[in-house]
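To keep things clear, I will list the structure first and then write my remarks on it.
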Amino acid sequence: MKNFPSLKSNTDFQRVYKNGKSYANKALVMYVYENALTYNRIGISVSKKNGNSVVRHTFVRKLREIFRLNKIEKKGLDIIVVVRVGADVKDYHKLESAYLHLLKSHRLDKEDVEENK
């Protein structure tokens with residue numbers, strides 16, 4: 001099994017929080033910061049206020065799969081996704097549409113990348 005490209009250390013998270021650009025919608029907040037790597041990394045933050053460990057880990061698994069399936073053309077990004085408290089995103093498709101909306105806000109979706117070429 002391959003390692004998933006994720007942010008793990010607190011210093012990585014703090015760097016993205018302090019220096020990254022953020023956009024939000026009702027369900028998620030997304031921070032994006034450029035790194036010096038040749039691949040993208042994702043960090044997912046879910047508060048205990050969202051539910052117990054089973055609920056929080058379900059959010060994490062869904063967001064990892066959404067990140068994996070919706071490849072970002074631009075490389076070298078650190079991305080943090082924060083699930084907002086009380087967000088009605090139990091449904092996978094609602095969570096995916098919120099994620100894609102934030103990618104579009106950051107101009108990282110496929111259509112915006114093709115326009116910039």
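The values are calculated or read from the model by the stated rules, or taken from the named source; none is laboratory data. Note that this is a predicted model, so its numbers are computed, not measured. As a convention, Cβ positions derive from the backbone with ideal geometry for all residues, glycine included, and neighbour counts pool all protein chains shown.
Which of the residues spanning segment 74-97 are of a type in the set (D, E, K, R) and either at pLDDT 90 or above or part of a helix (DSSP H, G or I) (or both)?
LYS74, LYS75, ASP78, ARG84, LYS94, GLU96
In segment 6-40, which residue that is touching a Gly at 6+ places or on another chain (Cβ under 8 Å), aromatic (Phe, Trp, Tyr) and closer than 20 Å to ARG107 by Cα is surrounded by the fewest Cβ atoms within 10 Å (Cβ to Cβ)?
TYR39
Take LYS49 and decide whether it is assigned to a loop (DSSP other than H, G, I, E, B) and out of contact with any Lys or Arg (no Cβ under 8 Å at 6 or more places or on another chain).
no
For THR38, indicate whether it is assigned to a helix (DSSP H, G or I) and of a type in the set (Val, Ile, Thr).
Judged against the criteria, THR38 is not a match.
Out of the residues in segment 56-77 that are over 21 Å from SER105 (Cβ atoms) and surrounded by 14 or more Cβ atoms within 10 Å (Cβ to Cβ), state the one that is nearest to the chain's Cα centre (by Cα).
Taking the candidates together, the pick is VAL60.
Which of the numbered conditions does ARG107 fail, given that it passes all the others? Conditions: (1) touching a strand residue (DSSP E or B) at 6+ places or on another chain (Cβ under 7 Å); (2) at positive phi.
(1)
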